[in-house]
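Peer 1: So that we are looking at the same thing, I have put the structure below in structure tokens.
The values are calculated or read from the model by the stated rules, or taken from the named source; none is laboratory data. Quantities reported herein were computed from a predicted structural model and do not represent experimental measurements. Cβ: placed from backbone, ideal geometry, glycine included. Neighbour counts: every protein chain shown. With ligands, DNA and RNA removed, areas are computed over all heavy atoms of the protein, side chains included. Shrake-Rupley method; radii C 1.70, N 1.55, O 1.52, S 1.80 Å.
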Amino acid sequence: MLNGKGKAMVVVGSRLEAVRWRLAIDKYIKENGYKIGTLVAFSGEVNDPQSGADPFSETSKTMNPSLKGQDICEAFNTDDYQILLVANKFQTGFDQPLLCGMYVDKRLAGIAAVQTLSRLNRAHQGKDTTYVVDFVNDPEDIILAAFKTYYETAELSNVTDPHLVFDLRMKLDAAGFYDEFEVNRVVEVEFNPHAKQSELAGALESVVSRLLLRYKAAQDKLNSAKAKDDGKAAADAQNELDALMLFKHDMSAFQRMYAFLSQIFDYGNTAIEKRFIFYRRLLPLLEFGREREGIDLSKVILTHHNLKRTGKRDLALETGDYKKLEPMAPPESE
């Protein structure tokens, strides 16, 4: 997130857990060859014979070996560190605008829950999405018992089904507006570090042209049918326009679902990831109703490879009637 500058906080239940989490996550990072720097924050010393003979503290060489006397807040603000594990410390009053994700392995309640999760609400340019992955607390405890005390209208009605992504992929593929070759062609350019701008535009042009020309043709048919007062032809043309708009809507829904659910669910399917990349490039170019002579690919900019989460949910804070926060659901057919 944030072009690779996004940071995450892991909230654990005790100082002992902070020590064990720190050692475990460092081992996992090394085993997988990730370039991720980790810090841990807790007060005092922790004795844990299971983890080591000597007491552990923030300044121990096994906890924060590269800190070298530097303040944890200042160190976490640099590009060297992406994950901060905390046990009580930094759950209140900590200001880090690059913080985009939080992993909670601790019971939270009341004002402590609100203050902890609110570490994510610091604004930063390009930061339009945050994530909380909670291993311990029930939605009712966090949303209703904690947040509703202070913001009376927050309620979660259900959870999101990760398999909706597969259903939506099948629906988009079945629409017949692109084929596997065209998807792979865009993805290959996207992941080629030596690719040129013209190659990405070329990979997208056939799909964009097909969809925009099809929309324009349907629009022309609709106008002509209306002029001739041909109800059946007008209905057919309108159905074609609706199908194209629904296709675009479904691609947007796929983007939102996959961007969120892939953080917590291993799809193990490269075809799903390929479509995320393909749709991300295709969507900005489908300006139905604003066609021009030739295909406008000026919005295609090949710079770097990153996944950008989009979409938001409005949370009304006023008293009175309110809507529950709905889980992600299959897009409605139109």
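Peer 1: Could you give the accessible area per residue of the stretch 10-140, probe 1.4 Å, as a whole number in Å²?
Peer 2: It amounts to 53 Å² per residue over the stretch 10-140.
Peer 1: Order of 68-76, 255-263 by packing, highest average Cβ count within 10 Å first?
Peer 2: 255-263, 68-76
Peer 1: Residues of the stretch 152-268: accessible area per residue at 1.4 Å, in Å²?
Peer 2: Result: 53 Å² per residue.
Peer 1: Could you order peptides 182-191, 9-18, 58-67 by the average number of other Cβ atoms within 10 Å of their residues, highest first?
Peer 2: So the peptides 182-191, 9-18, 58-67, ranked by packing, come out 9-18, 182-191, 58-67.
Peer 1: List, in the order given, every pair from Lys127/Lys274; Lys5/Lys106; Lys5/Lys89; Lys226/Lys274; Lys30/Lys68; Lys30/Lys127 whose Cα-Cα distance in the structure shown is over 32 Å.
Peer 2: Pairs exceeding 32 Å: Lys226/Lys274.
Peer 1: Let me ask another. Stretch Tyr28-Asp79 to full length: gain in nm at 0.36 nm per residue minus the Cα-Cα span?
Peer 2: 16.4 nm
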